[in-house]
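First the structure, in the form of structure tokens, and then the observations on it.
No value in this document is a laboratory result; all are computed from the given coordinates. Because the structure is predicted, anything quoted here is derived from the model rather than measured. Neighbour counts run over all protein chains shown; Cβ positions are idealised from the backbone, glycine included.
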Amino acid sequence: MENIKCLIIGGGPAGYTAAIYASRANLSPVLYEGIQPGGQLTTTTDIENYPGFENGIGGQALMDAMRAQAERLGADLRRGIVVKADLSARPFRLSLDNGDEVSADALIIATGATARYLGLESETKFRGMGVSACATCDGFFYRNRNVAVVGGGDTACEEASYLANICKKVYMIVRRDVLRASQAMQDKVMNTPNIEILWNCNTQEVIGDLSGVTGARLIRKDGEVFDIAIDGFFLAIGHHPNSEIFSEWIRTDENGYILTDGKTSRTNVEGVFAAGDVQDPLYRQAITAAASGCRAALDAEKFLNL
């Protein structure tokens, strides 16, 4: 069985940044990129808010650059999915989807989180062309346009409020006749003139053409079907942290996000560190994920050099 000094799981901004720092620290990192090399950013067209790119950069291009930098510095980047983990003792034992097993002296979990979608074929078709799960990431592109936010919780209200400062009109598509959000968030939404809540509504279809999203077809609880004209369709029905295979060993919150020790990346298992969206239910930005990848590599370096 191959033994790896520093194993990183996940090929998003957290994982690649951890690989960059671990390589420079001579930790000989091996990174398994998982099911979606590059992470959620590969489904984003243009990124305007990542520092250092005056005119923005494509999501795939940013991830390709991070990957190439990690590889140039000596990280061993591998295609593969870790499907099982035994963290009961060091070195940790991990199983891959091809049947191979490896062990690791230190482990950085950067498996990210998956945005929840409605499961519509049209939603998948227009993902990255008007369909988004991150208003903070993509809202800028819909300045002075009409958009819709799906959801009725705090996240949906926060996204709608953020978009209301940018967009001409924001529809909130809520499947019930009440919001699940905190009273403060409900009050904020209700008192924002350009937010319109469409109660008791579900989305039947996202409508669009070769240029992207142009509308959405909704159905009310009473059976009425109607269309709204929009340019952006934002999902705010939650994220699912990709932490299941570690849950037997690693402490998580009630939603599955890995708990870390204070401002560090340390988990409850000595030698295991977590970075990126798998431990961040709040910010979920490329820049914060990259920063946490840096912290994880520095924490791993300190641990391995004790």
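Counting neighbouring beta carbons within 10 Å and listing from fewest to most, the residues Tyr32, Tyr257 come out as Tyr257, Tyr32.
Based on DSSP H segments of at least four residues, each scored -39500 (n - 2.57), the chain has a per-residue ellipticity at 222 nm of -7000 deg cm²/dmol. The alpha-carbon of Lys84 sits under 20 angstrom from the alpha-carbons of these lysines, leaving out residues fewer than 8 places away in its chain: Lys5.
Ranked for footprinting exposure by Cβ neighbours inside 10 Å, fewest first, Arg145, Arg79, Arg284 give Arg79, Arg145, Arg284. Site pair Asn144 and Arg79 shows an inter-label distance of 4.5 nm when each label is modelled 7 Å from Cα along Cα→Cβ. Computed on segment 1-154, the Cα convex hull volume stands at 151 Å³ per residue. What the Cβ-Cβ distance of Arg24 and Arg116 gives, at R0 = 30 Å and to the nearest 0.05, is a FRET efficiency of 0.25.
Whole-percent P(r), the chain, all Cα pairs, 10 Å bins from 0: 6, 26, 30, 21, 13, 3, 0. Rounded to two decimals, the Cα-based Rg/Rh of segment 117-235, with Kirkwood Rh, is 0.94. Using a simple spin-label model with points 7 Å from Cα along the Cα→Cβ vector, what separation in nm is obtained for Phe53 and Asp253? The modelled label-to-label distance comes out at 2.8 nm. Extension gain for the segment Asn165 to Asp97, taken as residue separation times 0.36 nm less the Cα-Cα distance, is 20.0 nm to one decimal.
Among the listed pairs Lys188/Lys263; Lys125/Lys188; Lys125/Lys263; Lys125/Lys221; Lys168/Lys263, those with a Cα-Cα distance over 28 Å are Lys188/Lys263; Lys125/Lys188; Lys125/Lys263; Lys168/Lys263. Across the options Gly232, Val272, Ala297, the greatest Cα extent toward the positive end of the charge dipole of segment 229-306 (unit charges at beta carbon of Lys, Arg, Asp, Glu) belongs to Ala297.
I need the shape label for segment 1-60. Rule: rounded when a/c is under 1.5, else prolate if a/b > b/c, else oblate, with a, b, c from the alpha carbon gyration tensor. Taking the square roots of the gyration eigenvalues as a ≥ b ≥ c, segment 1-60 is oblate. Take the chain and mark each of the GluC sites (Glu not before Pro) that is in a DSSP loop with at most 15 other Cβ atoms within 10 Å; the longest unmarked stretch, sites excluded, is 55-223. Ranking of Thr124, Thr288, Thr260 by neighbouring Cβ atoms within 10 Å, starting from the fewest: Thr124, Thr288, Thr260.
Spacing of the modelled spin labels on Gln60 and Val225, each 7 Å from Cα toward Cβ, amounts to 3.4 nm.
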